[in-house]
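The structure under discussion appears below in the form of structure tokens.
Derivation of every value follows stated rules applied to the coordinates shown; laboratory data play no part. Since this is a predicted model, take the numbers as computed values, not measurements. Here Cβ is always computed from backbone atoms with ideal geometry, including for glycine, and neighbour counts include all displayed protein chains.
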Amino acid sequence: MNQIEVKKAEGKLGVLVVGLGAVSSTFMTGVLMTRKGLAKPVGSMTQYDVMRVGEGADKKYLKYNQIVPITDLNDIVFGAWDVYPANAFESAMNAEVLKEKDILPVKDELEKIKPMKAAFDHNYAKRLDGDNVKDCKTRWDMVQELKKDIRDFKEANGCARIVVLWAASTEVYVPVNEKVHYKLADLEAAMKADDRENIAPSMCYAYAALTEGAPFIMGAPNTTVDIPAMWELAEKTKMPIAGKDFKTGQTLVKSGFAPIIGVRCLGLAGWFSTNILGNRDGLVLDEPANFRTKEVSKLSTLESILVAEKQPDLYTDYYHKVRINYYPPRNDNKEGWDNIDIFGWMGYPMQIKINFLCRDSILAAPLCLDLVLLSDLAARCGRYGIQSFLSFFLKSPMHDYTKNEIPVNNLFEQYVMLKNAIREMGGYKADQLID
Ligand SMILES: NC(=O)c1ccc[n+]([C@@H]2O[C@H](COP(=O)([O-])OP(=O)(O)OC[C@H]3O[C@@H](n4cnc5c(N)ncnc54)[C@H](O)[C@@H]3O)[C@@H](O)[C@H]2O)c1
């Protein structure tokens with residue numbers, strides 16, 4: 001097989017995060033604390049997972065950085081944009097995800113991460129009213145200012161490479177509009193014509209990142225890069241894109257649990273998922289138009305795992321409902337309930353209840369790290385366009401819907417895709433063995 005040419009992870013990697021809220025500040029604090037030897041990056045595949053390469057007598061079990069060159073945590077430099085002016089230290093303190101004792105040792109470093117002015121439109125997140133916002137006449141101006149931010153940050157921090165990660169609030173749902181979102185030329189024309197209805201601010205970040213030679217990752221359910229025009233741009237700029245929506249709590253459980261029902265050929269009558277959470281994310285998602293974006297993303301998981309066309313007796317017309325309720329007392333500690341109505345032999349009904357008392361940002365932070373490091377790796381390997389191997393980390397994996405491509409949502413199939421991509425980038429053969 002052809003050996004892929006992999007550039008070394010030399011120099012500094014600038015990680016520019018859109019949104020400096022609960023997830024981002026927890027991510028940054030954890031990386032800085034790990035660097036000091038004061039915390040462990042638990043949950044991060046790039047830091048912990050050990051996988052097999054080779055088969056039979058040649059097989060070995062290695063960590064990712066023994067197979068491919070992954071950027072060292074010491075080489076990461078953080079930057080951010082936010083609607084509010086709070087620096088990363090203030091943001092971590094406000095978020096109340098981490099205890100003070102886990103933030104104070106890196107206070108100085110966090111304080112230096114001051115958010116650049118956001119490219120923001122109040123109509124896309126009505127519950128936010130910060131004033132650390134760019135004053136732009138058009139969407140195209142937003143793009144130009146963001147491009148300048150990226151270039152300036154890269155130069156000021158001596159970075160060799162940049163990755164841009166969206167960990168900002170979920171925007172209102174932007175339905176895919178063929179006239180604007182299918183061709184790059186139409187997208188650019190709409191940005192220049194300041195078409196605010198079809199061009200979300202997040203699209204300006206993505207456009208700026210890709211055209212500045214930086215991979216772009218969408219951690220919210222926004223349709224930003226999930227449109228053919230952005231795929232065209234990723235191809236043109238030879239940059240990787242990944243999305244969408246971090247797969248953290250309930251959907252992680254769903255994508256890992258649904259295969260149990262599927263492999264045992266049990267039937268599904270309904271799956272009701274509900275959540276309570278009280279952080280700013282919950283506040284934004286309390287707005288119906290913003291929740292709609294999340295709902296579409298969360299609902300897509302089951303359909304490709306338990307498929308009616310393949311097993312009409314078992315999976316036709318099951319009722320799938322997802323709810324998110326804003327409930328301030330819980331803050332970032334989300335509680336998710338799943339009630340699963342299944343049926344067995346001769347159609348007899350049974351129920352499964354799952355109650356996950358999770359911590360949203362604690363689950364999201366390692367995904368941020370892995371997505372950033374693996375997108376940077378992908379770029380150094382010359383991979384571009386949609387990075388399906390990163391579906392493992394994402395709730396609603398991007399796929400070419402214009403060609404009726406079906407996304408892979410089954411966690412274990414996604415894990416095979418992840419490992420095979422690492423194998424190929426490391427010069428090993430992909431395989432289907434289960435270990
Ligand atoms: N934590 C999880 O489990 C999880 C899982 C999946 C997805 N997400 C998504 O991750 C995102 C971040 O979550 P969070 O809990 O940190 O939310 P948060 O509200 O604490 O932080 C988001 C930040 O983004 C800022 N922001 C909004 N629009 C912006 C813009 N246009 N430019 C720059 N900044 C902007 C807000 O001011 C806020 O500070 C949300 O979209 C959430 O839906 C989180």
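FRET efficiency for K192 and R127, Cβ-Cβ distance as r, R0 = 30 Å, nearest 0.05?
Details: r = 30 Å, r/R0 = 0.98.
Taking R0 as 30 Å, the efficiency between K192 and R127 is 0.50.
Under 5 Å between amide hydrogens, which residues at least 5 positions from R323 or on another chain qualify, with H placed 1.01 Å from N in the peptide plane?
Long-range HN contacts for R323: S273, T274, N275.
Starting from 0.36 nm per residue, how many nanometres of slack lie between Q66 and K112 once their C-alpha separation is accounted for? It would help to have the intermediate numbers written out before the result.
Numbers: separation 46, 0.36 × 46 = 16.56 nm, distance 3.25 nm.
Taking 0.36 nm per residue and subtracting the Cα distance, the gain is 13.3 nm.
For region 242-286, list residues with backbone N below 19 Å from a point placed 7 Å from the Cα of W345 toward its Cβ?
Label zone hits: 261-268.
Using a Gaussian network model on the chain with a 10 Å cutoff between Cα atoms, which of V180, V15, V307 fluctuates the most?
The residue that fluctuates most here is V307.
With θ set to phi - 60° and the Karplus curve 6.51 cos²θ - 1.76 cosθ + 1.60, what are the ³J(HN,Hα) couplings of region 132-138 in order, to the nearest whole Hz, using x for Gly and Pro?
7, 10, 5, 9, 10, 6, 9
Cross-chain or 8 or more residues apart, Cα under 13 Å: how many lysine pairs in region 250-357 fit that? Count them up, please.
Details: K254/K298; K254/K321; K254/K353; K294/K321; K298/K321.
The result is 5.
Counting only DSSP beta bridges with both residues in region 250-357, what percent are antiparallel, rounded to the nearest 5? Write down the numbers at each step before the final one.
Working: 18 of 26 bridges.
The antiparallel proportion sits near 70 percent.
Counting Lys and Arg as +1 and Asp and Glu as -1, each charge on the Cβ, what is the dipole of region 250-357 about the Cα centre in debye, to the nearest 20? Each step should come with its number before you reach the end.
Numbers: 12 positive and 12 negative charges, 39 e Å.
My answer is approximately 180 debye.
What residue among A189, A80, A378 shows peak mean-square fluctuation when the chain is described by a Gaussian network model with Cα springs under 10 Å?
A189
Among the lysines, select those whose C-alpha is under 20 Å from the C-alpha of K107, and discard any that sit fewer than 8 residues away in the same chain.
Qualifying lysines at Cα under 20 Å: K36, K40, K99.
By a straight-distance test (C-alpha under 13 Å), which aspartates and glutamates pair with K238 as possible cross-link partners, with residues fewer than eight away in the same chain excluded?
Result set, ordered by chain and number: E212, D376.
Please identify the helices of the chain, taking whole runs of DSSP H, that span at least 24 Å along their own axis as judged from the Cα atoms and have a mean Kyte-Doolittle score of 0.5 or higher. Don't skip to the answer; put the middle values down first.
Numbers: long enough: 139-156 (25 Å, -1.31); 360-380 (30 Å, 1.28).
Sorted by number, the helices that extend far enough and score high enough are 360-380.
Exposure proxy check: L433, L302 ranked by fewest other beta carbons within 10 Å?
On the way: L433 9, L302 23.
Ordered by Cβ neighbours within 10 Å, fewest first: L433, L302.
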